[in-house]
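Report on the following structure.
The values are calculated or read from the model by the stated rules, or taken from the named source; none is laboratory data. Every value quoted in this text rests on a predicted model; they were computed, and no experiment measured them. Virtual Cβ from ideal backbone geometry, glycine too; neighbours counted across all protein chains shown. Surface accessibility is based on the protein's heavy atoms, side chains included, excluding ligands, DNA and RNA. Shrake-Rupley method; radii C 1.70, N 1.55, O 1.52, S 1.80 Å.
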Amino acid sequence: MNRCIVSAVALCAVFVSDVSAGKFVPFKGALTFDPFDVGVPFPDDRCGGPAIAIDVTGEGTATHVGRFAADVDVTYCLADGSSYGTATWIVANGDTLTFNFTGQDQPRGPEDDFTVATYESIIEKGTGRFEGASGSLSAVQFRPDVGVAVEDISGVISSVGSTRSAHAVPEPTSMSLLLWCLCGFATYAARRTS
């Protein structure tokens, strides 16, 4: 009978452990960027020709992140419309996510008054609740000749806090399993004393 109790306790411990640790969860969101000024062209080895530096700010909302301010440093290659840089998202409490990205403008038609660009980003680092986070995102940006640029984003991010088990909070399913195990032990103990 004691082996049955030990086995049940071990089974509960396995199921109640943080099953989501290290797993990636999908996220989606949108950003809007303030109009920005273009800098003076300069030679850039990575572009293989002239480039311009652009500092862009904006704001957005994403699942698992919430509302955030975006600060983006872009190097835009004039020859082929490609770009690369670093983006930092700052959430309401000051925690940050920093991405490295590459992008490419899509060809425009003669009648188009906007540019569509695609970006691929990798999470490089985070602070606060995003410390140790990893993941990637893809973005499609619609940039009108005049006005505010809008970007739709989607990707994956490691579950918040998954790399810091000291701060992990069990998910509802784990809590249900724990409660179920405790009820089972209480029933067993009540029957054994009767």
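Does VAL65 qualify as being surrounded by fewer than 16 Cβ atoms within 10 Å (Cβ to Cβ) and modelled with pLDDT under 90?
no
Please work out which one of (1) open to solvent by less than 40 Å² (accessible area, probe 1.4 Å); (2) at pLDDT 90 or above; (3) touching a Phe, Trp or Tyr at 6+ places or on another chain (Cβ under 7 Å) is the condition SER158 fails and give its number.
Only one criterion is unmet by SER158, namely (2).
What number goes with the only condition from (1) under 21 Å from THR57 (Cβ atoms); (2) crowded, with 18+ Cβ neighbours inside 10 Å that GLY135 does not pass?
(1)
Kindly indicate whether any position in the range 69-77 is farther than 22 Å from VAL40 by Cα, surrounded by 17 or more Cβ atoms within 10 Å (Cβ to Cβ) and not aliphatic (A, V, I, L, M).
No; the residues of the range 69-77 include none that is farther than 22 Å from VAL40 by Cα, surrounded by 17 or more Cβ atoms within 10 Å (Cβ to Cβ) and not aliphatic (A, V, I, L, M).
Scan the range 96-109 for residues that are part of a loop (DSSP other than H, G, I, E, B) and in contact with a strand residue (DSSP E or B) (Cβ under 7 Å, 6 or more places away or on another chain) and jot them down.
Residues satisfying the conditions are GLN106, ARG108.
Of everything in the range 43-60 that's outside any loop (DSSP other than H, G, I, E, B) and open to solvent by 70 Å² or more (accessible area, probe 1.4 Å), which residue is nearest to PRO26 (Cα to Cα)?
Step by step, filter the range 43-60, then rank; the result is GLU59.
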